[in-house]
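J.: Dumping the structure here so I can ask a few things about it.
The values are calculated or read from the model by the stated rules, or taken from the named source; none is laboratory data. This structure is a prediction, so every number in the text was calculated from the model and none was measured. Because the Cβ atoms are built from the backbone with ideal geometry, glycine has one as well, and the counts that use them run over all protein chains shown. All accessible areas refer to the heavy atoms of the entire protein, side chains included, with ligands and DNA or RNA removed. Shrake-Rupley method; radii C 1.70, N 1.55, O 1.52, S 1.80 Å.
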Amino acid sequence: MDLVQLVKEGNRVAIARLITKAENEAPEAAIAMRQLYSETGKAFLIGITGPPGSGKSTLTDKMVKELRKRGKTVGVIAVDPSSPFTGGAILGDRIRMSDLALDDGVFIRSMGTRGSLGGLSKATYDTIKILDAAGFEYILIETVGVGQSEVDIVKTADTTVVVSVPGLGDDIQAIKAGIMEIGDVFVVNKADREGAERVVIELAQMLELNANMGDWFPPILKTVAVRNEGIVEVVDKIMEHREFLTSSGELRNRRKERISNELFNLILKKVSAKISTKLSEENFWDSQLDEIIENQKNPYDVIDRVIDGILQ
Amino acid sequence: MYDKEKLEKIKQDNRNYEADWEKGVEKLAAKGKKGERKDKFVTGSGASVNQLYTPLDIDIDYRSEIGFPGQYPFTRGVQPNMYRGRFWTMRQYAGFSSAEESNARYKYLLEQGQTGLSVAFDLPTQIGYDSDHPMSEGEVGKVGVAIDSLADMEILFNGIPLDKVSTSMTINAPASVLLAFYIAVGEKQGVTPDKLNGTIQNDILKEYSARGTYIFPPTPSMRLITDIFDFCTRNVPNWNTISISGYHIREAGSTASQEVAFTLADGIAYVNAAIIAGLDVDTFAGRLSFFFNAHNDLLEEVAKFRAARRIWAKLMKERFKAKSERSMMLRFHTQTGGSTLTAQQPDNNIVRVAIQTLAAVLGGTQSLHTNSKDEALALPAEDSVRIALRTQQIVAYESGVTETVDPLAGSYYVEALTKRIEDEAWAYINKIDELGGAVKAIEQGYIQKEIQDAAYEYQKEVEAGKRVVVGMNKFQIKEKPPQGLLRVDPSMGFLQAKKVAEMKSKRDGNMVQAILDELRSAAKGNDNMMPIMLKAAKAYCTEGEICDVLREVFGEYTPIQVL
Amino acid sequence: MMTERKIRVLVAKPGLDGHDRGAKIIARAFRDAGFEVIYTGLRQTPEQIVAVSIQEDVDVVAISLLSGAHGTLMPKVVKLLREKGADDKLIIGGGVIPDDDIPALKEAGVAEIFTPGTPTSVPIEFIKANVRQ
């Protein structure tokens, strides 16, 4: 049974299995990814990020339903943090999407960050390609939005949706800290709560201050995701943004940048893995530690020598 | 409570006592011995316990904080003479399989001297599905009796005169439907609603936070509840319209203080909702009742009940400006703690239940269910239920604790514990107020998280052996699997589904449809829903049909998941 | 270069049972044991549980039931998984389940049943010993 062929045919057991192999960095996965690559690049990628408690999962659930209404097939990747101590994780996002489980046009996969610092796990990139190759037309990537990690998402998604919510005092601060630049669509969820209008105004003011705005001016939309309010508008705006990206040529630029990032990261990873193997094998510096401690040698010369040795 | 001079002397004595003790410990330490069998002494809920309590620990005003039974703040009980007047209602929660089988169990329990009925419904009934609904597969008649329509309810109470018993029904999301069925059965027996006595649990908030049998979102659910308050005030005046429940909060793993706090916070939300709906506090507050758990830490549990009464009285008087004393009385039902029972050496559970019974009675309960020894294994068999009931009767008739009111009052430890639980509960209530009340706190997952953290902490302590559960993590034996467990006939689901189908075929279909349409418009409007519920009940609309209409109008609750 | 393989577990609550204290405790204990845990939430049909098990490619499906519906719902999950070609998963159950019922559940394909009072370390060790490689 050829896993790659089954994935291309949309076999769900096979898709799931290949994702697992990619997550575990199994050698078969590396081979499969090469074979699948020609089938990728067709899906449109939507990133969804925001602080904990902003209702991202519910919003994702409703957006998927809206896309389904429009006849689109959808893959969802929901990323939750892994515990830095045990490596374990509770992946709870799909609880909000439980009635999508039986829809054959939807495939949801939960992932733990497994120690990666950005909001996305290392295997997220492979998973996107697998779902893409399996024929899902839209892929939604929902990530934990804390601090700097959101930047990962913009390097991956075609359209990034930034979710905020009234009543989280520090929320706007976090947005100020860096994600104003990455949002293509801003959503103020739970907009029936007190303070929603204030969040909208603050976002608008910050957007206006943002100098490097291109031809796309990010809209700010209000939703009450639990009641399915405002969802149609969010999906409409995403479609509009897609149209903009395509017609302006920006889509190609974004994807180039994404590939460039991915190449950079993968190369770095491979090289650093090779180096660590080599270093642990050959004990390059053990003999020199005493000399460094006794100030007979300085660490900088040792580093240069070691690197020169490896790169030869 | 003591004059200053005496307190000073006690303080001096206490210092000497402590100093002597320290010296003793040092001597032992020098010999490499320990004075105590463990490092930390804690209550069942994990609160630290001092070696000794003295008058120094109950520096409170007797008249304002403890007072007299039957008087504000009701710390010592809601009646002036408590069990010298009459015992609590002995009420065993029961129901399984079909209405016929449950009816037979109720008659048996009444013959055995039980004084009130308590109906357990199966999960499909609790969640508003008929027995033939796909979601009901495997669940029909399992944890309680299956009731699909008035037809089943008639069989359930066949031969039981509703003007002679008081009936408690554990039903929440669809409480108004089952209450309508009950009123309709009464009318068929010639008993008018004003002669009915009983309680519906009707407490949706703890379903969201701890028990899980919700249907609709909070807003329409609160409306159904206040509709019942209003309807019963005028038509079923002896009915307890809600049983605000801490039982399930505790079962889900909370501490004693959390049980009090989260229950009373729910109570505050109901009172607020009713006031916003236009009801005067004194017209409905006297019909509010509560439902607590009784665990093994006897004195902490007694203190918990006393603290709950004191807080509720203060809340009703000070926050809600109730005038009637009855509005300030926290009357409660107790059930012994299901989660304290062990599957290992189940006979030991009889002893646990006896301790918990004492806790409930010393805490001044108005009614009590005692769990049967086999409930960690299956539904209780008839002879286990009898032992559970006998446990109550032994405490009532033989233990002597019922001969005077609130016998533990004035115990330095019990009064200090009562105060501590009160303080901890107030802190939680204030926090929940800050979050915008119980509904908001549940929607944000705050209450669920607090409960789960406590539950996980407890579990870890048991597994680490820091807490001993006799027969489970200490004093284990090799056991044979228990025999004689009660089984629900596996064909029950199929038979009950057939029964509904037959009943439906005999009805006037057009009338049913017309009434369901009327129900739909009532749900969309603002009028009290109870009259149309009653009409639907009498026309043999099924519970599932009624709830489906409400689901359509109200939507369904999707829980926030906290882990 | 294979990284450490993560064990993925689905903690499932089928049927109408609302007792989730056990399910949530075990979910936390699995997390603390280093597993990746997906929790379904309440009131899932066997079909939903199976669909999620497949998409998430979990190694273990842990079913918690205290309502007495285990005899119907647990075998149904096993059967549906087999039909969908996902029969390499370890299926375990927990809850108020009488000893007499256990042989039939094992016969149906449930690997092990854990009854009240079982320390969380027991299913954790069982999973580590029996999970697919």
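J.: Would you kindly calculate the mean projected area, averaged across all directions, of the convex hull enclosing the Cα atoms of chain B, in square nanometres?
T.: Mean shadow area of the hull around the Cα atoms is 27.7 nm².
J.: For helix B:99-111, report the angle its Cα long axis makes with the longest principal axis of the Cα atoms of chain B; keep it between 0 and 90° and round to the nearest 10°.
T.: 50
J.: Shifting gears a bit: Which of B:A409, B:I515, B:P193 sits closest to the plus end of the dipole of the protein assembly as shown, meaning its Cα is farthest towards the positive end, when Lys and Arg get +1 and Asp and Glu get -1 on the C-beta?
T.: Result: B:A409, furthest along the dipole toward the positive end.
J.: So how far, in whole Å, is the C-alpha centre of segment C:76-133 from the one of segment B:492-539?
T.: Going from one Cα centre to the other spans 41 Å.
J.: Pop the C-beta distance of C:D100 and B:A501 into the FRET formula with R0 = 25 Å and round what comes out to the nearest 0.05.
T.: Working from the Cβ atoms, E equals 0.20.
J.: Something else: Using a 10 Å cut-off on Cβ to Cβ distances, tally the other chain neighbours for every residue of C:64-77 and report the average as a whole number.
T.: Mean partner shielding for this stretch: 4.
J.: Which semi-axes, in whole Å and largest first, does the equivalent ellipsoid of chain C have when worked out from the alpha carbon gyration tensor as the square roots of 5 times its eigenvalues?
T.: Working from the Cα gyration tensor, I get semi-axes of 21, 17, 14 Å.
J.: Rounded to two decimals, what is Rg over Rh for segment B:1-116 when you use alpha-carbon atoms and the Kirkwood radius?
T.: With Rg and the Kirkwood Rh in hand, the quotient comes to 1.24.
J.: Expected output is a single nm value to one decimal: the length gained when fully extending between A:Q35 and A:D215, i.e. 0.36 nm times separation in residues minus the C-alpha distance. What is it?
T.: 61.1 nm
J.: Okay, moving on. What does the helix-only formula give at 222 nm for chain A: each DSSP H stretch with n ≥ 4 adding -39500 (n - 2.57), the total divided by the residues, and the result rounded to the nearest 500 deg cm²/dmol?
T.: Calculated mean residue ellipticity at 222 nm is -14500 deg cm²/dmol.
J.: Per the helix-only calculation at 222 nm, which mean residue ellipticity applies to chain B, given -39500 (n - 2.57) for every DSSP H run of n ≥ 4 and division by its residues, nearest 500 deg cm²/dmol?
T.: -15000 deg cm²/dmol, from helical runs alone.
J.: So, one more: Counting only residues 5 or more places away or on other chains, whose amide H sits under 5 Å from the amide H of C:Y39 once H atoms are built in the peptide plane?
T.: A:L91, C:V11
J.: Roughly how many percent of the accessible protein surface of segment A:263-311 is carbon and sulfur, given a 1.4 Å probe and a whole-percent answer?
T.: Accessible surface attributable to carbon and sulfur in segment A:263-311 totals 61 percent.
J.: While we're on this one: Which cross-chain or sequence-distant (5 or more) residues have an amide H under 5 Å from the amide H of B:F290, H modelled 1.01 Å from N in plane?
T.: So B:F290 has HN proximity to B:I244, B:R331, B:F332, B:H333.
J.: Okay, next question. In the neighborhood of B:F320, defined by Cβ-to-Cβ distances under 14 Å, what is the net charge if each Lys or Arg adds +1 and each Asp or Glu adds -1?
T.: With Lys, Arg at +1 and Asp, Glu at -1, the net is +1.
J.: Using unit Cβ charges (K, R positive; D, E negative) and no other charged atoms, how large, in debye to the nearest 20, is the dipole of segment B:1-71 about its Cα centre?
T.: Using Cβ point charges on Lys, Arg, Asp and Glu, segment B:1-71 gives about 520 debye.
J.: Where does each of C:90-96, B:117-123, A:31-37 land if you order them by average Cβ count within 10 Å, highest first?
T.: In decreasing order of mean packing, C:90-96, B:117-123, A:31-37 become B:117-123, C:90-96, A:31-37.
J.: Calculate how large, on average over all directions, the projected area of the Cα convex hull of segment A:3-248 is; give the answer in nm² to one decimal.
T.: So the Cα hull casts an average projection of 13.2 nm².
J.: Compute the distance in nm between two label points, each set 7 Å from the Cα along the Cα-to-Cβ direction, one at B:T54 and one at A:K72.
T.: 7.5
J.: For the pair A:D2/A:M239, report the inter-label distance in nm, with labels modelled 7 Å from Cα in the Cβ direction.
T.: 3.7
J.: Also: Give me the accessible area buried between chains C and B, both sides summed, with a 1.4 Å probe, in Å² rounded to the nearest 100.
T.: Summed over both sides, the interface buries about 3100 Å².
J.: Under a Cβ-only charge scheme (Lys and Arg +1, Asp and Glu -1), can you give me the dipole magnitude of chain B about the Cα centre, in debye to the nearest 20?
T.: My answer is approximately 1180 debye.
J.: How do the peptides C:7-16, B:537-546, B:377-386 rank, highest first, by the average count of neighbouring beta carbon atoms within 10 Å per residue?
T.: For the peptides C:7-16, B:537-546, B:377-386, the packing ranking is C:7-16, B:537-546, B:377-386.
J.: Can you give the angle from 0 to 90° between the axis of helix A:27-36 and the longest principal axis of chain A, with both taken from C-alpha atoms, to the nearest 10?
T.: So the inclination is approximately 50 degrees.
J.: Looking only at other chains, what is the average number of their beta-carbon atoms within 10 angstrom of each beta-carbon in B:165-171?
T.: Whole-number average of other-chain Cβ neighbours for B:165-171 is 0.
J.: Any chance you could look up the accessible area of B:S339 with a 1.4 Å probe, heavy atoms only, rounded to 10 Å²?
T.: 50
J.: How much of the accessible area of segment B:377-532, probe 1.4 Å, is carbon plus sulfur, in whole percent?
T.: 54
J.: Quickly rank B:253-261, B:42-50, C:44-52 as a protection proxy: mean count of other C-beta atoms within 10 Å, highest first.
T.: For the peptides B:253-261, B:42-50, C:44-52, the packing ranking is B:253-261, C:44-52, B:42-50.
J.: Karplus couplings for segment B:129-136 from phi (6.51 cos²θ - 1.76 cosθ + 1.60, θ = phi - 60°), rounded to Hz, Gly and Pro as x?
T.: For segment B:129-136, the Karplus curve yields 10, 6, 5, 9, 6, x, 5, 7 Hz.
J.: While we're on this one: Quick one: what Rg and Dmax do you get for the protein assembly as shown from the alpha carbons, in Å?
T.: Using the Cα atoms of the protein assembly as shown, the pair Rg, Dmax is 31.4, 106 Å.
J.: Also, quick follow-up: Please list, in chain and number order, the residues 5+ apart from A:E142 or on another chain whose amide H is under 5 Å from its amide H, with Hs placed from the backbone.
T.: A:I48, A:I77, A:A78, A:V79
J.: Could you point to the residue in A:M97, A:I231, A:V144 farthest towards the positive end of segment A:3-248's charge dipole, with +1 and -1 charges on the Cβ of Lys/Arg and Asp/Glu respectively?
T.: Of the listed residues, the answer is A:M97.
J.: Using θ = phi - 60° and the Karplus form 6.51 cos²θ - 1.76 cosθ + 1.60, what ³J(HN,Hα) does each residue of segment C:58-65 get, whole Hz, x for Gly and Pro?
T.: Result, ordered by residue: 6, 7, 9, 10, 10, 9, 10, 8 Hz.
J.: Straight distance only, please: which lysines reach the Cα of C:K84 with their own Cα at less than 22 Å, same-chain residues fewer than 8 apart left out?
T.: Hits, sequence-local ones excluded: A:K8, A:K21, C:K13, C:K76, C:K106.
J.: Would you work out which of A:G88, A:A43, A:M206 lies farthest towards the positive end of the dipole of segment A:3-248? Charges go on Cβ: Lys and Arg +1, Asp and Glu -1.
T.: A:G88
J.: Where only protein heavy atoms count, and the probe is 1.4 Å, what is the accessible area per residue for segment A:263-311 in Å²?
T.: Heavy-atom accessible area per residue stands at 83 Å².
J.: Count charges around B:L377 for me, please; just the other residues with Cβ under 11 Å from its Cβ, Lys/Arg as +1, Asp/Glu as -1.
T.: For residues surrounding B:L377, the net value is -4.
J.: Let me ask something else about it. Distance between the C-alpha centers of segment B:313-356 and segment A:247-272? Whole Å please.
T.: The distance from the Cα centre of segment B:313-356 to that of segment A:247-272 comes to 63 Å.
J.: Using the alpha-carbon atoms, what tilt in degrees (0 to 90, nearest 10) does helix A:231-248 show relative to the longest principal axis of chain A?
T.: Around 60 degrees separate the two axes.
J.: Further question on the same structure: Got a sec to turn the phi values of segment B:195-208 into Karplus ³J(HN,Hα) couplings, 6.51 cos²θ - 1.76 cosθ + 1.60 with θ = phi - 60°, whole Hz, x for Gly and Pro?
T.: Whole-Hz 3J(HN,Hα) from phi for segment B:195-208: 9, 7, 10, x, 9, 10, 5, 6, 10, 6, 5, 6, 5, 5.
J.: Return the whole-Å distance between the Cα centroid of segment A:61-75 and the Cα centroid of segment B:24-75.
T.: 61
J.: Moving to a separate point now. Dipole of the protein assembly as shown, Cα-centred, from +1 at each Lys and Arg C-beta and -1 at each Asp and Glu C-beta, to the nearest 20 debye?
T.: It comes to approximately 1220 debye.
J.: Could you order A:I303, A:I141 so the one with the most accessible surface comes first? Probe is 1.4 Å.
T.: Ranked list, largest accessible area first: A:I303, A:I141.
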